[in-house]
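Comments concern the structure below.
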There are 2 protein chains.
Amino acid sequence: MTPVTSGSGRTLSELFVTAAKQALDEAGVGEIDSIYVGNMMSGFLQKQEHLGALMATALGQEGVSTYKVEAACASGGVAVNAAVKALLSGLEEIVLVGAVEKMSGYTTPEVTTGLMMAEDRMKVASTGVTFVGLNAMIARAYMHEYGITHESIAQFPVLCHKNALDNPNAQFRKKIGVQDVLQSPLVADPLRLFDCSGIGDGAAALVLAPKDMAKKFNDSPVEIAASTVASDTLSLYQRPKITTFEASKRASNRAYKLAGIKPEDVDALEVHDAFSVLGVMALEDLGFAEKGAGTHLLDEGECERDGRLPTNSFGGLKARGHPVGASGVYQIAELAMQLENKAGKCQVSGARIGLAQSVGGIGSTVAVHILRAMN
Amino acid sequence: MTPVTSGSGRTLSELFVTAAKQALDEAGVGEIDSIYVGNMMSGFLQKQEHLGALMATALGQEGVSTYKVEAACASGGVAVNAAVKALLSGLEEIVLVGAVEKMSGYTTPEVTTGLMMAEDRMKVASTGVTFVGLNAMIARAYMHEYGITHESIAQFPVLCHKNALDNPNAQFRKKIGVQDVLQSPLVADPLRLFDCSGIGDGAAALVLAPKDMAKKFNDSPVEIAASTVASDTLSLYQRPKITTFEASKRASNRAYKLAGIKPEDVDALEVHDAFSVLGVMALEDLGFAEKGAGTHLLDEGECERDGRLPTNSFGGLKARGHPVGASGVYQIAELAMQLENKAGKCQVSGARIGLAQSVGGIGSTVAVHILRAMN
């Protein structure tokens, strides 16, 4: 992983290559069969597509099979899913999957327009509503429907900022309290600055290989026990209920089944907290709390690193940072470090099973990965 | 397939849904597991990403797994490859793969900038060279290196226009001769208007299922005997030789091996003739002629529908049309119709094995599919 920063001054390929080389070096891998690149906004912001061939060339790996996979903010998670299927197909053996996003160096209207590519340009974006505006509607509805206060929800970014203090790759390494969230500048009512993830550049990468080969590359390999992708309607207005993400339920239910585990078996969780309320909703939609009861886990300290359900232990989207198309791979890389017992100061003691949830658009696409320590 | 037209007045999702519904109806399929969408330029031209969820919603299939796959002009072919691996993984059974591009309704500079997203924005596009300009360099080098005349190469678009007369979906249904090509307006020396594919809107879709299920959906199913993707350096300037596409050789050699066939076994061929010289080079790089001898096949009429190697029997990129990210799926749909003996006036008599070559960028990515009649 590269550190997430705003104003990295680095190109898409410089970012990607940094993460990819680190992954290949760590695995001791030279030859690979294919490269999967997750990215959302390069066509719009950098006027650059064809990232598969671009990254293969930048890595000196031209010749291999190459792919760009896009699913808005879930691009990273969905790219990993595509790479997993490539392995299972038997056609590829050693796969590099990485994701990259460069969001800094553009005006706020440019980035805002870019983010709204995740929603329906013609029917929704054209009305002038922004991505944070849509998420603000969810926050308002959630607070109203379940009688939850902003104070309660604000515990989520507070937790993420606390965890990020120990993560050298985190964008925001600054302790904040609930009052800091409530008093930060209003972005889209009720969401305030510290309810929202920031704008950042970053890349993360993984090397995947069949299970029976994994020991060759790693003393403490991690199995991808389940990899699923599910969708919902593209737009929020098309759903009967906006305070739950059906795609999260679909993807996670299938993943639990494939991995043969239950939510209570999860030792480390990474959720897509692009906005504070989404972190809380994820706890519910993934089966860790009843609807409306997500904040109780925060009240009781269960999401802390030493709690029952350590969540976003490296800082999550809020504080590690959210280079949108790349975040899904950051999550999985972080979980892998947890399960390898290589998470340094972020380590969750004795973690054996991890779950990552990556969300594209306003819950329109959700990728879920369940990882398991093999040792 | 939708007819390829310039100025369809239809949105991305209208185009995609038209093709996808036709594919699902024809297969008699209601429930699907996933949707793979090939597309190159929607982020840049339509400011719309997240086409997976967009198309699932437009089709009333929200819930399924969804993906956008991008590899410049090879996006369609590469999307089919990703879908094939999804089937082989065993995680998905019935897969809809389609591709769409909407290029009309924009200024020429906009579309030209969009196409150059296939090359390196920072190091190549920034110099001012255009996509057609780079292909013109290839044409000049090819003619010089092998002593081939423009007259000889011009036979390729002449063949395509002739074949397109019988294809109701073709963009250019107009017979032309070699002199028409040579006297058409100069675009980028030596390439003239009729050497170049046009700007068009279009979508094509396929339904894929495991072989043992295929009979349920089709009396004359077609097997995907091989599906490969290979890359080369992103940029032309990075290659020692520009008159051959190594990625074509890599992808096709692996495909021949996977399918257990030789070039001479191919009964119907679809090549990526975005520019006339690329059609000729493809004949060589795919193993049908020695280097520099591609035009001999045209001289001898072997690429005609009743020849030894019927090529671009529906009109190819030049005359059927080239909605860039979608063309790779058009090719495979057309080959499937040939092998099902449902190609109408375009039918190649007794075709059993087909090969499609889809090129992304200036030969930077090549997808090859070999199809075989199962009956």
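Structure notes:
- Residues that are farther than 19 Å from residue B:220 by Cα and in a loop (DSSP other than H, G, I, E, B) are absent from segment B:331-342 altogether.
To keep it simple, each residue is scored yes or no on (1) within 18 Å of residue B:18 (Cα to Cα); (2) touching a helix residue (DSSP H, G or I) at 6+ places or on another chain (Cβ under 7 Å).
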residue	(1), (2)
B:312	no, yes
B:319	no, yes
B:323	yes, no
B:328	yes, yes
B:333	yes, no
B:336	no, no
B:342	no, no
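- Cβ separations smaller than 7 Å between residues 6+ apart or across chains give the following pairs from segment B:240-257 residues that are within 16 Å of residue B:139 (Cα to Cα) to residues that are part of a loop (DSSP other than H, G, I, E, B) and not small (Gly, Ala, Ser): B:244/B:291; B:245/B:232.
- Within segment B:189-197, not a single residue is basic (Lys, Arg), within 30 Å of residue B:20 (Cβ to Cβ) and out of contact with any Lys or Arg (no Cβ under 6 Å at 6 or more places or on another chain).
- Scanning segment A:27-53 for residues that are of a type outside the set (Asp, Glu) and either free of Cβ contacts under 8 Å to residues at least 24 places away in the same chain or in a loop (DSSP other than H, G, I, E, B) (or both) yields a count of 13.
- Subset tally (residues that are more than 14 Å from chain A (Cβ to nearest Cβ) and surrounded by 16 or more Cβ atoms within 10 Å (Cβ to Cβ)) for segment B:124-156: 19
- Segment B:349-370: number of residues that are of a type in the set (A, V, I, L, M) and surrounded by fewer than 24 Cβ atoms within 10 Å (Cβ to Cβ): 2
- Note on segment B:161-207: residues that are within 18 Å of the chain's Cα centre (by Cα) and of a type in the set (A, V, I, L, M) total 8.
- Looking across segment A:351-365, the residues that are closer than 23 Å to residue B:62 by Cα and not β-branched (Val, Ile, Thr) come down to A:356, A:357, A:358, A:360, A:361, A:363, A:364.
- Restricting B:314, B:288 to residues that are among the aromatic types (Phe, Trp, Tyr), over 26 Å from residue B:130 (Cα atoms) and surrounded by fewer than 24 Cβ atoms within 10 Å (Cβ to Cβ) narrows the list to B:288.
- Residue within segment B:298-321 that is out of contact with any Cys (no Cβ under 8 Å at 6 or more places or on another chain), farther than 22 Å from residue B:150 by Cα and not in a loop (DSSP other than H, G, I, E, B) present: no
- Pairs with Cβ under 9 Å, 6+ apart, first in segment A:323-336 and surrounded by fewer than 24 Cβ atoms within 10 Å (Cβ to Cβ), second among the charged types (D, E, K, R): A:336/A:342
- Screening residue A:9 with (1) within 10 Å of another protein chain (Cβ to nearest Cβ); (2) under 19 Å from residue B:126 (Cβ atoms) gives one miss only, at (1).
- The one condition in (1) in contact with a Ser or Thr (Cβ under 7 Å, 6 or more places away or on another chain); (2) closer than 26 Å to residue B:107 by Cβ that residue B:187 fails to fulfil: (1)
One line per residue, one yes/no per condition, for (1) modelled with pLDDT of 95 or more; (2) under 21 Å from the mean Cα position of the chain (by Cα); (3) in a helix (DSSP H, G or I); (4) at the interface with another protein chain (Cβ under 7 Å from one of its Cβ atoms):
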site: B:25; (1), (2), (3), (4): yes, no, yes, no
site: B:56; (1), (2), (3), (4): yes, no, yes, yes
site: B:85; (1), (2), (3), (4): yes, yes, yes, yes
site: B:91; (1), (2), (3), (4): yes, no, no, yes
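Condition check ((1) within 7 Å of chain B (Cβ to nearest Cβ); (2) under 18 Å from the mean Cα position of the chain (by Cα)) across all residues:
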| residue | (1), (2) |
| --- | --- |
| A:19 | no, yes |
| A:36 | no, yes |
| A:45 | no, no |
| A:61 | no, no |
| A:64 | yes, no |
| A:70 | yes, yes |
| A:76 | no, yes |
| A:80 | no, yes |
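- Selection within segment B:93-123 - surrounded by 22 or more Cβ atoms within 10 Å (Cβ to Cβ), touching a residue at least 60 places away in the same chain (Cβ under 8 Å) and in a helix (DSSP H, G or I): B:114, B:115, B:117, B:118
- The condition (being touching a residue at least 24 places away in the same chain (Cβ under 8 Å), crowded, with 19+ Cβ neighbours inside 10 Å and of a type in the set (Asp, Glu)) is satisfied by just one residue among A:195, A:189, A:166: A:195.
- Output for segment B:93-123, where each listed residue is within 13 Å of chain A (Cβ to nearest Cβ), under 26 Å from residue B:194 (Cβ atoms), of a type outside the set (Lys, Arg) and touching a helix residue (DSSP H, G or I) at 6+ places or on another chain (Cβ under 8 Å): B:101, B:110, B:111, B:112, B:113, B:114, B:115, B:116, B:117, B:118, B:119
- Residue match in segment A:63-76 (condition: surrounded by fewer than 24 Cβ atoms within 10 Å (Cβ to Cβ) and assigned to a strand (DSSP E or B)): yes
- When the residues of segment A:219-240 are filtered to those that are surrounded by fewer than 19 Cβ atoms within 10 Å (Cβ to Cβ) and away from chain B (no Cβ under 14 Å), the one that is modelled with the highest pLDDT is A:223.
- Here residue B:195 qualifies as in contact with a strand residue (DSSP E or B) (Cβ under 6 Å, 6 or more places away or on another chain) and either more than 14 Å from chain A (Cβ to nearest Cβ) or modelled with pLDDT of 95 or more (or both).
- Residue, farthest from residue A:84 (Cα to Cα), within segment A:197-241, restricted to residues that are polar (S, T, N, Q) and in a strand (DSSP E or B): A:231
- Any hit, segment A:110-119, residues being of a type in the set (Asp, Glu), over 23 Å from residue A:235 (Cβ atoms) and modelled with pLDDT of 95 or more: no
- For the criterion of being buried (at least 18 other Cβ atoms within 10 Å of the Cβ) and without any contact (Cβ under 8 Å) to a residue 24 or more places away in the chain, residue A:294 passes.
The values are calculated or read from the model by the stated rules, or taken from the named source; none is laboratory data. Everything quoted here is computed from the prediction, not taken from an experiment. For neighbour counting, all protein chains shown are included, and Cβ atoms are generated from backbone atoms with ideal geometry for every residue, glycine included.
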